[in-house]
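See below for the structure under consideration.
Where a number appears in this text, it was derived from the coordinates with a stated rule and is not lab data. For clarity, every value in this text was computed on a predicted model and none was experimentally measured. Counting neighbours? That spans all protein chains shown, and the Cβs are built from the backbone with ideal geometry, glycine included.
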Amino acid sequence: MSVEYREEPCRSALNRVKGMPFDWSLNPYTGCAHRCTFCYVRAFEARADRPSDDRYGRSIRVKVNVADVLRRELARPSWKRESVAVGAATDPYQPAEGRYRLTRACIRELGVGRTPFSLITRGPMIRRDVDVLVEAAQRAKVHVSFSVPTLDERIWRATEPGTAPPRRRLETVRILTDAGIDTGVALAPLLPGLSDEPALLAEVVREARAAGASGIWANVLYLRPGTREHFLEALARDWPELLPDYELLYEGRAYLSAAEVEPVREEVRALARATWAPRRPSITPAPDAEQLRLAV
């Protein structure tokens, strides 16, 4: 699949977020070449009247000046070093990062600015940036989450066509944790009747723990308009026998109820507790230097 890369400057790097466990988001790219069938960003693209179907991921906006803009925003006297999520709406380590290195540059700026950040990715390319992650973690709290919904090869190939193999992601978890980076694994999204099978959940949790994952959590698929149409179309192609079940399960709603989701989350939590093992401590940020007052 050919991908068009549009080099376009941005006016702002940080975006204010409400109702989330982080205060700001940062996305060096718009669009994602991973093309996951369940990607929730497709819903936002549809609302913005941009392609959310098979055309999604074929045109990537590259914010070529994002690190420079970020540096200026972090230098403002009003900046309070609130938490920043890198990659909330695009994978910061999709293939474009290999050429443009924008995520790497932003991590460096966040570290210099002593700004805590989390980063979520499916891209093993992050191992290239262990050096800047370590530098940043010595100045502020850093957390990396790897999304590994399943190790089942058929499910992975069908639902995450542009991503690296899940086991390669877990190898990268080990590399990051060995370097002292706080790294967890997210089983998200889990697909009802597919990747939420107990044996598949246990396999991911076991391998994630073996890789040194500090935390393991799960979430179940939600289907907003835009994502819904594309996912169900892909489901009809790859697992047609499940299509009626999904149409009934998600009829009139995007999110499953807590009563439906919580048992799966609790099963993952129980597996995580059962496989807990001591791990190498993560890097702890050094405290800010105190300015000495001169006696008068």
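For the chain, find the longest principal axis of its Cα atoms and tell me its angle to the long axis of helix 258-274, 0 to 90°, nearest 10.
60
For the stretch 78-85, take each phi angle, set θ = phi - 60°, evaluate the Karplus expression 6.51 cos²θ - 1.76 cosθ + 1.60, and give the result in whole Hz per residue in order, putting x for glycine and proline.
Along the stretch 78-85, the couplings run 7, 6, 9, 6, 6, 6, 10, 9 Hz.
Work out the length of the dipole vector of the chain about its Cα centre, built from +1 on the beta-carbon of each Lys and Arg and -1 on the beta-carbon of each Asp and Glu, and round it to the nearest 20 debye. Spell out each step's value before the answer.
Values: 45 positive and 40 negative charges, 269 e Å.
So the dipole magnitude of the chain works out to roughly 1300 debye.
Please turn the phi angles of the stretch 166-171 into ³J(HN,Hα) values with the Karplus equation 6.51 cos²θ - 1.76 cosθ + 1.60 (θ = phi - 60°), one per residue in order, whole Hz, x for glycine and proline.
My calculation for the stretch 166-171 gives x, 5, 5, 4, 5, 4 Hz in order.
At Ala75 and Val3, where each label point lies 7 Å from the Cα along Cα→Cβ, what is the point-to-point distance in nanometres?
Simple spin-label model gives 3.1 nm for this pair.
Using +1 at the C-beta of Lys and Arg and -1 at the C-beta of Asp and Glu, which of Leu151, Val220, Thr163 has the Cα lying farthest in the positive direction of the dipole of the stretch 4-274?
Final value for the positive-end residue is Thr163.
Taking 0.36 nm per intervening residue step and subtracting the Cα-Cα distance, what contour gain separates Gln138 from Lys18 on full extension?
Numbers: separation 120, 0.36 × 120 = 43.20 nm, distance 2.77 nm.
Between Gln138 and Lys18, full extension yields 40.4 nm more.
Looking only at Cβ-Cβ distances, which cysteines of the chain have no other cysteine closer than 4.7 Å?
Cys10, Cys32, Cys106
If the elastic network links every pair of Cα atoms under 10 Å, which of Asn27, Asn15, Asn65 fluctuates the most in the Gaussian network model of the chain?
Residue with maximal mean-square fluctuation among Asn27, Asn15, Asn65: Asn15.
What spacing in nm lies between the two simple spin-label points modelled at Glu251 and Arg265, each 7 Å away from Cα in the Cβ direction?
In this crude label model, Glu251 to Arg265 measures out at 2.6 nm.
Can you say what percent of the DSSP beta bridges in the stretch 4-274, counting only those with both residues inside, are antiparallel? Round to 5. All intermediate terms of the calculation are to be shown ahead of the outcome.
Working: 5 of 29 bridges.
Of all bridge pairs located within the stretch 4-274, approximately 15 percent are antiparallel.
What is the helix-to-structure angle for 198-210, meaning the angle in degrees between its Cα long axis and the longest Cα principal axis of the chain, kept from 0 to 90 and rounded to the nearest 10?
20
Within 10 Å of each residue's Cβ, count the other Cβ atoms and sort Val86, Val142 from fewest upward. Don't jump to the answer; show the numbers that get you there.
Working: Val86 24, Val142 28.
Ordered by Cβ neighbours within 10 Å, fewest first: Val86, Val142.
List the lysines whose Cα lies under 18 Å from the Cα of Lys80, skipping any in the same chain that are fewer than 8 positions away.
Once the sequence-local lysines are set aside, what remains near Lys80 is Lys18, Lys141.
Given only helices, namely DSSP H runs of n ≥ 4 each adding -39500 (n - 2.57), what is the per-residue ellipticity at 222 nm of the chain, to the nearest 500 deg cm²/dmol?
Details: 11 runs with 109 residues, N = 296.
Estimated from H runs of four or more residues: -11000 deg cm²/dmol.
Order of Ser78, Ser282 from fewest to most other C-beta atoms within 10 Å? Intermediate results must be reported in sequence, preceding the final value.
Working: Ser78 5, Ser282 17.
Taking fewest neighbouring Cβ atoms as first place, the list is Ser78, Ser282.
Listing Tyr255, Tyr56 from the residue with the fewest other Cβ atoms within 10 Å to the one with the most, what is the order? Intermediate values should be presented prior to the final figure.
Details: Tyr255 13, Tyr56 22.
The fewest-first ordering by Cβ neighbours comes to Tyr255, Tyr56.
Please report Rg (one decimal) and Dmax (integer) in Å for the Cα set of the stretch 168-245.
Both quantities, over Cα of the stretch 168-245: 15.4, 46 Å.
Would you please give the residues with an amide H less than 5 Å from that of Leu119, counting only those at least 5 places away or on a separate chain, with H modeled from the backbone geometry?
Excluding prolines and chain starts, which carry no amide H, the hits are Val86, His143, Val144, Ser145.
So what does log10 I(q)/I(0) come out to for the chain at q = 0.09, 0.11, 0.14 Å⁻¹, using the Debye formula with one equal point on every Cα and no solvent?
-0.45, -0.68, -1.09
Using each residue's phi in the stretch 133-141, evaluate 6.51 cos²θ - 1.76 cosθ + 1.60 at θ = phi - 60° and report the 3J(HN,Hα) Karplus result to the nearest Hz, with x for Gly and Pro.
5, 5, 4, 5, 5, 7, 10, 7, 5
Between Ala210 and Glu197, with labels modelled 7 Å along Cα→Cβ, what's the label distance in nm to one decimal, could you check?
1.9
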